[in-house]
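Working notes, structure below.
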Amino acid sequence: MEIQQVVGSLVCTNRVPGLDHWHLRLIRNARGKVSVAVDPVGASPGNWVFTASGAAARFATGKAETHTDLTIGGIIDGWDPDG
Amino acid sequence: MEIQQVVGSLVCTNRVPGLDHWHLRLIRNARGKVSVAVDPVGASPGNWVFTASGAAARFATGKAETHTDLTIGGIIDGWDPDG
Amino acid sequence: MEIQQVVGSLVCTNRVPGLDHWHLRLIRNARGKVSVAVDPVGASPGNWVFTASGAAARFATGKAETHTDLTIGGIIDGWDPDG
Amino acid sequence: MEIQQVVGSLVCTNRVPGLDHWHLRLIRNARGKVSVAVDPVGASPGNWVFTASGAAARFATGKAETHTDLTIGGIIDGWDPDG
Amino acid sequence: MEIQQVVGSLVCTNRVPGLDHWHLRLIRNARGKVSVAVDPVGASPGNWVFTASGAAARFATGKAETHTDLTIGGIIDGWDPDG
């Protein structure tokens, strides 16, 4: 899993049905790359989280057919990015 | 999921049956890399979209055996690539 | 899916049974990286094709247990790599 | 599978149920990239391990629905990173 | 699939049961990155091989639950890395 920081949310009026009502978060990794993840844990901007990709991302939503390849798996307690 | 911009469409007369009649879009990510994605939401050139890869890409077409590893999941409302 | 150019074929006398009799093509992407793909469409050296990875690569062969993680999905009509 | 070194553990009070009680290790690869892996073998900081990703990561926990995309597969005997 | 060269073997006394008795090879790709692969074909150091990742890696062992994400698929006849 990857360590990333939540930087915002994403609004998409037109999207595929398979994403249901899930919140979509904008997250950024250590190299500055921004991605989009489903959030089942309720993370807020500034939180450091870890994300799971692939099939694990779908299982985490409780419905294996969910159209996601990246899901937040947990909020990290007391993470210091510099060390 | 990744944030990408639609830059065009792709014409392939000779292709595998598993892609049916799906529209294929050319998309470009923040680093300039161009990929090909199945489009079930009707995106147009210039639109900013997010894409799902792997099994999620196949589920999004409604048929898990579809021969795609990248599918557009939604059109982003009011995306500003510069921040 | 990725856009790549066919640059040759691969000969492997000693290989796993799960690849059956499939032709293996050498392909090269925009950054010069060479990979090996199963070819169900009959591509020739010089052709520009798009490739699917992961499970989609296996489904494209008509047998989901095929030992491939990259399969040519179609030959692109009139592709100009420079734009 | 990738060769990585264990550099610590991760504490996440708020995490998805699918990770059960698994220990989460911080690991670092040869290029300095830090990731998070489930640890079923009992690795300690400083150990060199190899990790499996994707579905193999889930199977290694004995429960294919586990929310992980990276799992430690074994501790390498006498690994010398410099050759 | 990727083209890689076998550079050695890996000894892991403490490993997950899902890898059974498979030989683990150290392999190196064109950019110098070293990985670990299950070897069902009997490759030797110096051999050029192609590797499959993901689910294809597991199917190649004859047991889809095998804890591997990279498996050698064949030994390449007469490969010249310089072209």
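A point 7 Å from Cα along Cα→Cβ stands in for D:Pro81, and the other copies hold the same point at 2.3, 2.3, 3.7, 3.7 nm, listed in rising order.
Here the Gaussian network model covers chain D, with springs between Cα atoms less than 10 Å apart; of D:Asn29, D:Asn14, D:Asn47, D:Asn14 fluctuates the most. Distances between equivalent label points of C:Gly46 across the copies, with each point positioned 7 Å along Cα→Cβ, amount to 3.8, 3.8, 6.2, 6.2 nm, shortest listed first.
Annotation: amide H of A:Leu70 within the under-5 Å range of A:Val38, sequence separation 5 or more or interchain, hydrogens built in the peptide plane. Our coupling estimate for the range E:3-17, obtained by passing each phi through the Karplus curve with A = 6.51, B = -1.76, C = 1.60 and θ = phi - 60°, is 9, 9, 10, 6, 10, x, 10, 10, 10, 9, 5, 9, 9, 5, x Hz, Gly and Pro reported as x. When a/c reaches 1.5 or more, the comparison of a/b and b/c decides; with that in mind, is the protein assembly as shown rounded, prolate or oblate per its Cα gyration tensor? Taking the square roots of the gyration eigenvalues as a ≥ b ≥ c, the protein assembly as shown is oblate.
Cβ crowding within 10 Å, taken as a proxy for footprinting-reagent exposure, orders D:Val49, C:Val41 from fewest neighbours to most as C:Val41, D:Val49. Within a straight-line Cα-Cα reach of under 25 Å, B:Lys63 can be paired with the following lysines, leaving aside sequence neighbours fewer than 8 residues apart in one chain: A:Lys63, C:Lys63. Partners of B:Lys33 within straight-line reach, counting aspartates and glutamates whose Cα lies under 15 Å from its Cα and excluding those fewer than 8 residues away in the same chain: B:Glu2, C:Glu2, C:Asp82. Sorted from shortest to longest, the distances between the B:Lys63 label points of this copy and the other copies are 2.2, 2.2, 3.6, 3.6 nm, with each point 7 Å from Cα along the line through the beta carbon.
Distant-in-sequence amide contacts of D:Ile76, defined by a placed amide H-H separation under 5 Å and a gap of 5 or more residues or a different chain, comprise D:Trp48, D:Val49, D:Phe50.
Please state the equivalent ellipsoid semi-axes for chain B: what are the square roots of 5 times the Cα gyration tensor eigenvalues, largest first, in whole Å? Intermediate values should be presented prior to the final figure.
Values: eigenvalues 94, 37, 22 Å².
The answer is 22, 14, 10 Å, longest axis first.
Coordinate-derived values only; no laboratory data. Just so you know, these numbers come straight off a predicted model, no measurement behind them. Note that each Cβ is placed from the backbone with ideal geometry, even for glycine, and that neighbours are counted across all protein chains shown.
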